[in-house]
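Heads up: the structure comes next, in structure tokens.
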Amino acid sequence: MARVVLGMLGLGTVGTGVVELLARHRHLTLKKVAVKSLDKDRSAMPNCPLTTDVDEIINDAEIEVLVEVMGGENPTVGYLERAIKKRKHIVTANKEVLAKHGPRLFALAKEHGVAIFFEASVAGGVPLLSTIHKGLEANEIESIMGILNGTTNFILSNMETGKSYADALKEAQDLGFAEDDPTADVDGFDVAYKLSVLSALGFGYFVRPDTIYKEGIRNITEEDMALAKEFGYRIKLLGTAAKGGSNGNQGFDVRVHPTLVPVTHPLASVSGANNGILVRGHAVGQLTLIGPGAGKLPTASAVVGDLMNLAGALKLPDFASYFQPTIEASPASAAPPDHWKCPFYLRLVVKDTPGVIGKLGTIFGAHNISIATIIQRGAEGREATVVILTHDVLGKDMNSALAELKKCDFLSSLGNAIRIFRSA
Ligand SMILES: NC(=O)c1ccc[n+]([C@@H]2O[C@H](COP(=O)([O-])OP(=O)(O)OC[C@H]3O[C@@H](n4cnc5c(N)ncnc54)[C@H](OP(=O)(O)O)[C@@H]3O)[C@@H](O)[C@H]2O)c1
């Protein structure tokens, strides 16, 4: 195979994995790696030529491909733009920069006749993007949904043993599965970036991450986990991207929120730091992909897979346009959450007075909400927990019912309201 000269930005978790895997593919020659600090112990990577000057890579005409595994939005986006203008192909693992700047970066790449490869940016080692882009090319993609964040899946799986959210998060941090600041993972930002990238591949539009509905896992309690189990569900943080809206919406249904998944569903058995994704195409029906969504070697496997694809095709005429998905130059917005329809799980703490159940039924009925199951638990002292499972409800009807409930004297606290799985 022809020799291809690479430059890389970043030598952290993913970058060290890339160097390790490249040792088996000598035709991919890593000429230089940019890092933030030269003072770190890199004795495990003795032959890696390092620099802190990114320009040494961007301005090196011999380097044909820039591998970007440093992450973040800035200064990364500027480096990518400059590398593209120097006609370097890009292989990136960075969902945030793609979600926020994808339309511009792809337009720029097209203008300069180079390609952007990004398999590692979503679902780590699971070959999800190539499956959608090439494997399902004959299909109209209808929906992509699933568990796209290993950190939150690890935390939720751990909470099933009875641990609190705080203890499960601490354990994830101690084991290196969660950052010291876990916001991007636990509040749904990471999944939103991935959904934006998936929408670009599946539907031809990056969806602006700031328009994507995000509800994280901070409010899930041990009690919710136990009650979900009792009713035959497991709680998962699901990301959904569906075309046209599963309920007749205009635009795209793109959202991140905790979801009660029936224990019999394939996504319920995706445990620990794994990812699990359902892709629905009009011809193929539904596919399920499950595997490691992060980690040094699984993510490096996706990066080096991209590099090998790229190297194999680099000399073909019009190679860049063959590999590039067709993506609109302007991003789309996600549809507002009002019109999604799904069943809900509600946990309410109420004053244990006569007539409360009847009043709840009246309020829900007035907002078009039909109750499938209602139970009352532990009338300890003056309070009781009421758990309600509803039939399908529009988001706007649930919001207006909850707003009315919050004004009621008998409600001590609204414990939680979590959506129940519904196929997209
Ligand atoms: N970790 C995963 O499992 C995983 C999975 C899928 C995708 N990704 C994506 O892969 C990318 C890298 O993640 P990671 O976990 O490998 O990150 P990481 O461990 O934090 O490594 C980041 C690397 O980038 C370097 N760097 C940071 N700022 C820089 C700058 N201004 N100039 C030059 N170098 C700079 C750092 O240098 P120093 O070493 O000197 O600090 C470090 O080597 C991110 O986009 C992430 O979202 C990661």
Next item on the list: Please state which of the following conditions V67 fails to meet, knowing it meets all the rest: (1) more than 18 Å from G305 (Cα to Cα); (2) in contact with a Leu (Cβ under 8 Å, 6 or more places away or on another chain).
Entry: (1)
Check: In segment 59-73, how many residues are buried (at least 19 other Cβ atoms within 10 Å of the Cβ), of a type outside the set (V, I, T) and under 21 Å from the mean Cα position of the chain (by Cα)?
Finding: 2
Note to self: T52 - would you say it is of a type in the set (V, I, T) and either closer than 19 Å to N149 by Cα or without any contact (Cβ under 8 Å) to a residue 24 or more places away in the chain (or both)?
What the structure shows: yes
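Restricting attention to segment 145-166, which residues are without any contact (Cβ under 8 Å) to a residue 12 or more places away in the chain and part of a helix (DSSP H, G or I)? So that I can check it myself, show each step before the final result.
First, the residues of segment 145-166 that are without any contact (Cβ under 8 Å) to a residue 12 or more places away in the chain: 161, 166.
Across segment 145-166, the qualifying residue is only A166.
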Check: How many residues does segment 1-49 hold that are within 12 Å of the ligand (Cβ to nearest atom) and assigned to a strand (DSSP E or B)?
Finding: 6
Check: Quick one: which of K236, K134, K163, K229 is among the basic types (K, R), buried (at least 22 other Cβ atoms within 10 Å of the Cβ) and in the same structural domain as T264 (by TED's automatic domain parsing)?
Finding: K236
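Does E62 fit the bill of being more than 10 Å from the ligand (Cβ to nearest atom) and assigned to a helix (DSSP H, G or I)? Walk me through it before giving the result.
Numbers: more than 10 Å from the ligand (Cβ to nearest atom): yes; assigned to a helix (DSSP H, G or I): no.
So E62 does not fit the description; no.
Suppose we keep only residues that are free of Cβ contacts under 8 Å to residues at least 40 places away in the same chain and not hydrophobic (A, V, I, L, M, F, W, C) within segment 105-129. Which one would you say is farthest from the ligand (Cβ to nearest atom)? Break it down stepwise before answering.
Going residue by residue through segment 105-129, those that are free of Cβ contacts under 8 Å to residues at least 40 places away in the same chain are 105, 108, 111-112.
Subset that is not hydrophobic (A, V, I, L, M, F, W, C): 111-112.
On the way: E111: 24, H112: 22 Å.
Among them, the one singled out is E111.
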Item checked: Residue list for segment 210-219, restricted to those being of a type outside the set (S, T, Y) and surrounded by fewer than 24 Cβ atoms within 10 Å (Cβ to Cβ) -> D210, K214, E215, G216, R218, N219
Notebook entry, point to check: If you check A320 against the conditions, is it under 30 Å from V19 (Cα atoms) and crowded, with 18+ Cβ neighbours inside 10 Å?
Noted result: yes
Notebook entry, point to check: Would you call T52 more than 24 Å from the chain's Cα centre (by Cα) and within 11 Å of the ligand (Cβ to nearest atom)?
Noted result: yes
Notebook entry, point to check: Across segment 74-100, which residue is farthest from the ligand (Cβ to nearest atom) among those that are under 25 Å from G305 (Cβ atoms) and in a loop (DSSP other than H, G, I, E, B)?
Noted result: R87
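Looking at this structure, is K170 at pLDDT 95 or above, away from the ligand (no atom under 16 Å from the Cβ) and of a type in the set (K, R)? Working first, answer last.
Numbers: at pLDDT 95 or above: yes; away from the ligand (no atom under 16 Å from the Cβ): yes; of a type in the set (K, R): yes.
Answer is yes for this residue.
The values are calculated or read from the model by the stated rules, or taken from the named source; none is laboratory data. Nothing here was measured: the structure is a model prediction, and the numbers come from that model. Backbone-built Cβ (ideal geometry, glycine too); neighbour counts: all protein chains shown.
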